[in-house]
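**Student:** Below is the structure I would like to discuss, written out as structure tokens.
What follows is calculated from the coordinates using simple rules that are stated; it is not laboratory data. Model, not experiment: these values are computed from the prediction. All Cβ positions, glycine included, derive from the backbone under ideal geometry; neighbour counts span all protein chains shown.
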Amino acid sequence: MKDTPINYTIVNQIIENSGLKPDMSSSTIREIVRIVNDLEKATGEKYIRMEMGVPGLPTPQILIDAEIEALKNGSKTVTSKYPMIEGDAELKKESARFVKLFINIDVEPKHCVPAVGSMQSAMALFLTVNRLHEKRNKILFIDPGFPVQKQQCHVLGVKYETFDVYNFRGEKLKDKIESYLKTGEFSSIIYSNPNNPSWISFTEKELKIIGDLATKYETIVLEDLAYFGMDFRQDYSKPGVPPYQPTVANYTKNYIIMLSSSKVFSFAGQRLGIIIVSPELFDKSYDGLKRNFKKDVFGYALIYGSLYTLSAGVNHSSQIGMAKMLKAVNEGKYNFVEGVKPYGERAKVIKKLFVDNGFKIVYDKDEGEPISDGFYFTFSYPGLSGNELLEDLLYYGISAISLKITGSERTEGMRACVSQILPEQFEVLEYRLKKFNENHK
Ligand SMILES: Cc1ncc(COP(=O)(O)O)c(C=O)c1O
């Protein structure tokens with residue numbers, strides 16, 4: 001029996017009976033959540049839980065109050081009537097203002113369409129973008145990425161290819177992406193920025209490369225900004241003042257941005273995302289769309305075709321609440337970046353604790369510059385595979401997911417999410433990491 005912070009025999013028994021072995025590193029996030037729940041119950045110990053990207057901060061009071069107000073005032077319309085699929089007029093208006101003030105891109109309210117979280121935005125977009133042209137029916141994932149988006153492709157029967165961007169930063173990105181696009185088989189490219197799981201952020205040079213290629217090969221970029229403004233190396237919080245949130249929209253007209261309220265506004269429970277479609281794409285006709293949709297115009301097919309089949313709109317109250325929230329942000333009355341800065345502060349301390357105890361940060365640079373501290377980071381331990389690391393950490397009361405399920409080729413690595421770890425847990429984390437290092441040296 002080994003000297004581990006959590007009872008070795010109990011942990012061993014639960015792992016052996018979990019059904020997740022031999023390849024624990026292929027476990028989904030929810031499977032890891034389940035086993036850690038079982039471990040906490042059986043051992044009575046609290047784990048340092050870094051496996052799931054759940055917001056760990058409260059929702060801004062303005063947003064909660066506005067939603068409650070909407071429910072109180074509007075029982076005749078808010079709860080009893082269906083919402084419009086294209087979205088609440090105020091939310092659309094404030095979204096377009098937000099895009100201008102914080103991204104410096106011009107769109108009209110009609111180009112801003114709510115969905116039931118970015119999860120649904122991606123589903124609706126996958127359903128639409130792959131049907132524009134008969135032959136261009138694959139999606140290119142710039143990985144590592146959010147695993148559920150690939151699951152969505154599997155469920156839909158949508159074809160995709162992926163590559164790990166680790167070895168293709170900067171100028172190297174051009175040839176790599178072009179090698180896929182020149183086949184003429186790709187309808188779109190998807191990535192998140194800052195990136196889940198690695199927390200890398202593309203530089204302006206890289207965004208330009210992606211944008212130029214998207215224009216050259218008529219490919220649509222699905223830019224997932226679920227962590228909007230959270231590259232804390234820059235201050236993106238001032239309305240109408242540079243620097244603005246970096247985006248590929250500065251370099252191509254073939255863009256669609258996915259905004260999510262889940263992380264930036266800690267609003268994950270209410271499920272609200274906003275799709276921003278480039279004005280040029282919104283009104284463009286594609287012959288291929290006629291096969292599956294009533295009309296061949298992109299914006300129309302997305303809203304009254306794809307989104308309509310997934311949900312008859314997004315609930316009124318969260319849209320009304322978010323409209324008021326964005327209004328406050330747009331008027332400079334609420335600083336949304338300050339609201340989520342604690343994640344960056346926690347990451348700085350937690351990453352140092354890992355590094356001081358023999359761990360390595362896997363994705364550590366953006367073209368030579370250290371990555372930002374934020375919601376996630378990636379780590380490995382010399383001499384251990386991702387599979388061994390995931391399992392071994394459970395004996396030390398620490399949980400994270402393997403990079404293997406994110407499309408990363410760095411399969412020795414793990415993704416840690418800092419959102420749930422409170423400063424009062426740092427001491428326990430340090431003790432556990434020290435023990436781990438002592439026992440593995
Ligand atoms: C990159 C990325 N995209 C999308 C989502 C899903 O966002 P939502 O909660 O708005 O569905 C997440 C959630 O973790 C994410 O990390």
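**Student:** Which of the aspartates and glutamates could be linked to Lys404 by a straight reach, that is with a Cα gap under 16 Å, when you skip same-chain ones fewer than 8 residues away?
**Tutor:** Straight-distance partners of Lys404: Asp23, Glu31, Glu51, Asp143, Glu161, Asp164, Glu388, Glu391, Glu412.
**Student:** What do you get for Rg/Rh of region 305-400 when both radii come from the Cα atoms and Rh is the Kirkwood radius? Numbers along the way, then the final one.
**Tutor:** Working: Rg = 20.2 Å, Rh = 17.4 Å.
In region 305-400, Rg relative to Rh is 1.16.
**Student:** Helix by helix, which DSSP H runs in the chain go 15 Å or more along their axis at the Cα atoms and have an average Kyte-Doolittle hydropathy of 1.0 or more?
**Tutor:** Sorted by number, the helices that extend far enough and score high enough are 117-129.
**Student:** Place a +1 charge on the Cβ of each Lys and Arg in the chain and a -1 charge on the Cβ of each Asp and Glu, then give the dipole magnitude about the Cα centre in debye, rounded to the nearest 20. Working shown, then result.
**Tutor:** Working: 56 positive and 55 negative charges, 186 e Å.
Rounded to the nearest 20 debye, it is 900 debye.
**Student:** From the square roots a ≥ b ≥ c of the eigenvalues of the alpha-carbon gyration tensor of region 61-330, which class results: rounded (a/c under 1.5), prolate (a/b over b/c), or oblate? Working shown, then result.
**Tutor:** Numbers: a/c = 1.87, a/b = 1.31, b/c = 1.43.
It is oblate, given that a/c is not under 1.5 and a/b is not larger than b/c.
**Student:** Is there a pair in Lys135/Lys284; Lys205/Lys341; Lys238/Lys327; Lys100/Lys294; Lys100/Lys150; Lys41/Lys263 whose C-alpha atoms are over 21 Å apart, and which pairs would that be?
**Tutor:** From Lys135/Lys284; Lys205/Lys341; Lys238/Lys327; Lys100/Lys294; Lys100/Lys150; Lys41/Lys263, over 21 Å: Lys205/Lys341; Lys100/Lys294; Lys100/Lys150; Lys41/Lys263.
**Student:** Normalising by the residue count of the chain, find the relative contact order in percent from Cα pairs under 8 Å and 6+ residues apart. Display every interim value, and only then the final one.
**Tutor:** On the way: 888 pairs, mean separation 113.3, N = 441.
So the answer I get is 26 percent.
**Student:** Taking 0.36 nm per residue of separation and subtracting the Cα-Cα distance, what length does fully extending Lys205 through Ser80 add? Walk me through the intermediate numbers first.
**Tutor:** Working: separation 125, 0.36 × 125 = 45.00 nm, distance 4.93 nm.
Length difference between fully extended and current span is 40.1 nm.
**Student:** Still on this structure: Starting from the Cα of Lys72, step 7 Å toward the Cβ, then list every residue of region 309-339 with an amide N under 19 Å from that point.
**Tutor:** Taking a point 7 Å out along Cα→Cβ of Lys72, the residues of region 309-339 whose backbone N falls under 19 Å are 316-325.
**Student:** Going 7 Å from the Cα of Tyr431 toward and past its Cβ, which residues in region 1-16 have a backbone nitrogen under 12 Å from where you end up?
**Tutor:** Answer for region 1-16: 5-6.
**Student:** Per residue of the chain, what 222 nm ellipticity follows from adding -39500 (n - 2.57) for every DSSP H run with n ≥ 4, rounded to the nearest 500? Can you show the working numbers first?
**Tutor:** Details: 14 runs with 166 residues, N = 441.
-11500 deg cm²/dmol, from helical runs alone.
**Student:** What FRET efficiency, computed as 1/(1 + (r/R0)^6) with R0 = 41 Å and r the Cβ-Cβ distance, is obtained for His133 and Ala89, rounded to the nearest 0.05?
**Tutor:** In this case the efficiency is close to 0.80.
**Student:** For Lys93, Lys205, Lys441, which order do you get if you count the other beta carbons within 10 Å of each Cβ and list the fewest first?
**Tutor:** On the way: Lys93 17, Lys205 13, Lys441 8.
In order of increasing Cβ crowding within 10 Å: Lys441, Lys205, Lys93.
**Student:** Here's a follow-up. What is the spin-label model distance, in nm, from Lys238 to Glu218 if the labels are put 7 Å beyond Cα along the C-beta direction?
**Tutor:** Between Lys238 and Glu218, the label points sit 4.3 nm apart.
**Student:** Let me ask you something else. Excluding residues on the same chain fewer than 8 positions from Lys253, give the aspartates and glutamates whose Cα lies under 15 Å from its Cα.
**Tutor:** Of all the aspartates and glutamates, those that pass the test against Lys253 - Cα under 15 Å, at least 8 places apart if same chain - are Asp106, Glu108, Asp212, Glu218, Glu223, Glu280, Asp283.
**Student:** To continue, here is another question. For a paramagnetic label modelled at 7 Å from the Cα of Glu369 toward its Cβ, which residues of region 201-229 fall within the zone defined by backbone nitrogen distances under 13 Å?
**Tutor:** So the set is 201-207.
**Student:** For region 63-78 and region 247-268, what is the separation of their C-alpha centers, rounded to whole Å?
**Tutor:** 26 Å
**Student:** A follow-up question, please. For region 280-371, with only Lys/Arg (+1) and Asp/Glu (-1) charged at the beta-carbon, what is the dipole magnitude about the Cα centre, in debye rounded to 20? Could you put the intermediate results ahead of the total?
**Tutor:** Numbers: 15 positive and 12 negative charges, 76 e Å.
In total the dipole reaches around 360 debye.
**Student:** Counting DSSP beta bridges in the chain, what percent are antiparallel, to the nearest 5? Before the final figure, lay out each step's value.
**Tutor:** Values: 20 of 42 bridges.
Bridges in the chain that DSSP calls antiparallel: roughly 50 percent.
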